[in-house]
Every structure is written in C-alpha cells, then in structure tokens.
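Chemist: Would you mind keeping the following structure in view while I ask a few things?
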Amino acid sequence: MARTALVTGGSRGIGAAISKALKAEGYNVAATYAGNDEAAAAFSAETGINTYKWNVADYDESAAGIAKVEAEVGPIDIVVANAGITRDAPFHKMTPEQWHQVIDTNLTGVFNTVHPIWPGMRERKFGRVIVISSINGQKGQFAQVNYAATKAGDLGIVKSLAQEGARAGITANAICPGYIATEMVMAVPEKVRESIIAQIPAGRLGEPEEIARCVTFLASEDSQFVNGSTISANGAQFFV
Ligand code: CAA
C-alpha cells in the first residue's frame with residue numbers, strides 16, 4: 001500500500017512543489033495551508049491533492065487536523081514540516097509581536113506538526129521527518145533575527161529527533177534551501193534581491209523543484225542511514 005505524506009504549507013511555493021513531487025512518486029499526499037483558500041482550491045483542482053486548513057502555530061488545531069488526515073487518507077509515514085513565514089525587520093525595529101509570530105509558526109509549528117504524528121511512527125517502526133530550514137538558519141541574515149533563530153532551531157530539532165527515532169526506523173533530516181524563486185523571496189525589495197543574487201555563485205535563484213527532489217530522496221526507503229543530516233541546496237552561496 002502506498003505510504004502517506006503530509007506537507008505543511010503544501011499548497012504554495014516550495015511546499016507545492018514538494019506535494020506534487022511526492023504525489024508523482026506514488027505517495028498519498030495531504031497538503032495543509034493556513035489562510036489562502038483561493039490558492040488552496042486552485043492547487044487541489046490542478047493536482048488532485050487534498051488540502052486541509054489549520055494553523056500550525058496552534059497545537060490543538062494541528063492535532064485535530066492530523067487526526068482527520070489520518071482517518072481520511074491513512075497513517076502518516078512522511079511528514080514535511082515546511083510551513084513558514086517571515087516578518088523581517090532590523091533588530092532595533094523588530095517588535096515582540098514579529099518575534100512571536102515567527103517563533104510560533106516556524107519553530108513551535110514544527111513541534112506541533114511532528115509531535116502528534118510521532119507515536120504512530122514509533123509503533124509502525126517507520127517514519128520520515130523532513131524539516132525545511134533555511135540558509136539563513138545557517139548563516140544568519142540582516143533583518144531576520146526571528147526567522148534565523150527558528151531555522152537554526154530546526155536543525156537542533158532534527159538532530160535530536162534523529163537520535164530518538166533511529167532504532168524505531170524513523171529518520172529526521174533538514175533541508176536548508178538557499179534563495180528560491182518563490183513569493184517569499186520575490187517580496188524582498190528588488191534592489192536587495194539583486195544584491196542577494198549577486199552573492200550566489202550559481203548566478204540565479206533556485207527552483208522549488210530543486211528542493212522537492214531533495215525531499216523525495218529523504219522520503220524514500222533508500223535514505224534509511226541518512227539521519228540527523230542537513231542538505232544544503234543553495235547554489236554554493238554558503239558552506240557549513
Ligand atoms: N544587508 C545589509 N544591509 C541591508 C540588507 C542586507 N541584506 N537589507 C537591507 N539593508 C539595509 C538597507 O540598504 C538600508 O540601508 P540604508 O539605511 O543605508 O539605506 C537599511 O538596511 C534599511 O534600513 P531601514 O531602517 O530603512 O529598514 P526598513 O525598516 O525599511 O526594513 C527591510 C527594510 C525589511 C530590512 C528590507 O530591506 C528587507 O526586506 N530586506 C531583506 C531581508 C532579507 O534578506 N530577507 C530574506 C527573505 S527570503 C527568506 O527568508 C527565504 C529564505 O529562507 C532564504
């Protein structure tokens with residue numbers, strides 16, 4: 001029977017490419033989204049992938065949503081914690097609200113997504129936890145104290161989960177995309193974006209599909225011994 005994959009923030013940007021790539025590999029895929037009903041409906045119509053609406057920052061909503069997906073689609077074997085937001089501001093202007101919004105969604109959201117799924121993975125002795133971190137969690141970023149903190153935190157989560165899950169057949173890995181051609185990067189002021197592209201030796205932004213291909217590898221049976229690792233996909237912009 002085909003395995004089931006859940007992709008948070010799976011109807012837009014990098015998440016949409018991940019959902020589509022997993023479906024193409026033969027997985028049953030469920031994608032979550034937070035608010036954009038129109039984009040989610042268009043995505044479902046285009047791909048045939050069912051979308052579910054909940055706020056990953058809320059534990060109870062996440063647990064209820066996950067229970068619904070498991071009842072309707074099947075026990076979740078692969079979880080891709082991809083949902084994320086930015087609230088960029090230089091530190092001296094960053095508000096506590098901007099700090100908390102990003103922490104709640106990008107970091108606590110990973111806990112809220114993986115925690116309800118984890119016991120089932122342990123019982124079934126198989127699981128793939130894939131967290132979409134960022135180059136900016138590795139190198140830091142001007143105006144992203146909040147975002148960089150969450151993306152660095154993701155790496156701590158997967159390194160710890162990898163140790164806890166290894167004997168239960170569960171792997172946990174992170175992907176650190178560099179700058180990818182999505183709405184999030186296009187929202188950066190054009191002048192700043194041009195200066196960022198100038199720092200990428202590949203000379204271009206990445207494509208969402210280039211991140212999705214990293215995910216399909218980590219989701220596969222073949223990746224069992226890859227555990228607690230970080231795959232950087234950034235066009236040689238930064239090395240750890
Ligand atoms: N490096 C150095 N300086 C930068 C900078 C950067 N990356 N970004 C902005 N600045 C500078 C500006 O040039 C400007 O300098 P001057 O005052 O000398 O003109 C100053 O910082 C901006 O100061 P302001 O007080 O006017 O800033 P603001 O309150 O208007 O905020 C900003 C502007 C939000 C910082 C905006 O410039 C911005 O969005 N910058 C981009 C931040 C960024 O790179 N975010 C990454 C988003 S993509 C992503 O997060 C996906 C991923 O994982 C890779």
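None of the figures in this text is laboratory data; all of them are computed from the coordinates on show. Given the structure is predicted, the values throughout are model-derived calculations rather than measurements. Note: ideal-geometry Cβ built from the backbone for every residue, glycine included; neighbour counts use all protein chains shown.
Chemist: Return a yes/no flag: does the stretch 108-120 have any residue that is within 11 Å of the ligand (Cβ to nearest atom) and either over 11 Å from the mean Cα position of the chain (by Cα) or small (Gly, Ala, Ser) (or both). I'd like the intermediate steps shown before the answer.
Modeler: Start the filter on the stretch 108-120 by keeping residues that are within 11 Å of the ligand (Cβ to nearest atom), which leaves none.
Looking for residues that are within 11 Å of the ligand (Cβ to nearest atom) and either over 11 Å from the mean Cα position of the chain (by Cα) or small (Gly, Ala, Ser) (or both), one finds none in the stretch 108-120, hence no.
Chemist: If you don't mind, there's one more thing I want to ask. If Ile85 meets every condition in (1) within 22 Å of Thr182 (Cα to Cα); (2) within 14 Å of the chain's Cα centre (by Cα); (3) part of a strand (DSSP E or B) apart from one, which number is that one?
Modeler: (3)
Chemist: With the condition kept exactly as written, say whether any residue in the stretch 125-137 is more than 25 Å from Ala31 (Cβ to Cβ) and among the hydroxyl-bearing types (Ser, Thr, Tyr).
Modeler: Within the stretch 125-137, none of the residues are more than 25 Å from Ala31 (Cβ to Cβ) and among the hydroxyl-bearing types (Ser, Thr, Tyr).
Chemist: (1) surrounded by 16 or more Cβ atoms within 10 Å (Cβ to Cβ); (2) farther than 28 Å from Ala166 by Cβ; (3) hydroxyl-bearing (Ser, Thr, Tyr): which one isn't true of Thr113, the others all being true?
Modeler: That leaves (2) as the condition not met.
Chemist: Would you please list the contacts, defined by Cβ atoms under 8 Å and residues six or more apart or on different chains, that run from a residue in the stretch 204-224 that is more than 12 Å from Ile180 (Cβ to Cβ) to a residue that is of a type in the set (Phe, Trp, Tyr)?
Modeler: Close Cβ pairs (under 8 Å, with a partner that is of a type in the set (Phe, Trp, Tyr)) amount to Ala219/Tyr27; Ser223/Phe217.
Chemist: Select from the stretch 13-38 the residues that are of a type in the set (A, V, I, L, M, F, W, C), within 18 Å of the chain's Cα centre (by Cα) and closer than 17 Å to Pro208 by Cα and list them in ascending order. If you could, list the steps in order and put the result at the bottom.
Modeler: The first filter runs over the stretch 13-38 and keeps only residues of a type in the set (A, V, I, L, M, F, W, C), leaving 14, 16-18, 21-22, 24, 29-31, 34.
With the extra rule that they be within 18 Å of the chain's Cα centre (by Cα), the set shrinks to 14, 16-18, 21-22, 29-31, 34.
Once the filter is applied, which keeps residues that are of a type in the set (A, V, I, L, M, F, W, C), within 18 Å of the chain's Cα centre (by Cα) and closer than 17 Å to Pro208 by Cα, the stretch 13-38 yields Ile14, Ala16, Ala17, Ile18, Ala21, Leu22, Ala31.
Chemist: Hey, among the residues in the stretch 123-172 that are assigned to a helix (DSSP H, G or I), within 17 Å of Phe225 (Cα to Cα) and touching a residue at least 40 places away in the same chain (Cβ under 8 Å), which one's farthest from the ligand (Cβ to nearest atom)?
Modeler: Taking the candidates together, the pick is Ala168.
Chemist: When the stretch 36-60 is examined, which residues are found to be touching a residue at least 24 places away in the same chain (Cβ under 8 Å) and assigned to a helix (DSSP H, G or I)?
Modeler: Ala39, Ala40, Phe43, Ser44, Thr47, Tyr59
Chemist: Give the number of residues within the stretch 182-202 that are farther than 26 Å from Thr8 by Cβ and touching a Gly at 6+ places or on another chain (Cβ under 8 Å).
Modeler: Qualifying residue count for the region: 4.
Chemist: Same structure, new question: Would you pick out the residues in the stretch 186-233 that are near the ligand (Cβ under 10 Å from one of its atoms), among the small types (Gly, Ala, Ser) and assigned to a helix (DSSP H, G or I)?
Modeler: Matches in the stretch 186-233: Ser195 only.
Chemist: So Ile170 fits all but one of (1) within 25 Å of Glu70 (Cβ to Cβ); (2) aliphatic (A, V, I, L, M); (3) under 15 Å from the mean Cα position of the chain (by Cα); what number is the exception?
Modeler: (3) is the only condition that Ile170 fails.
Chemist: Given the conditions (1) crowded, with 17+ Cβ neighbours inside 10 Å; (2) more than 16 Å from the chain's Cα centre (by Cα); (3) closer than 26 Å to Lys20 by Cβ, which single one is not true for Ala143?
Modeler: (3)
Chemist: Would you mention how many residues in the stretch 166-183 are more than 15 Å from Leu218 (Cα to Cα) and touching a Ser or Thr at 6+ places or on another chain (Cβ under 7 Å)?
Modeler: 0
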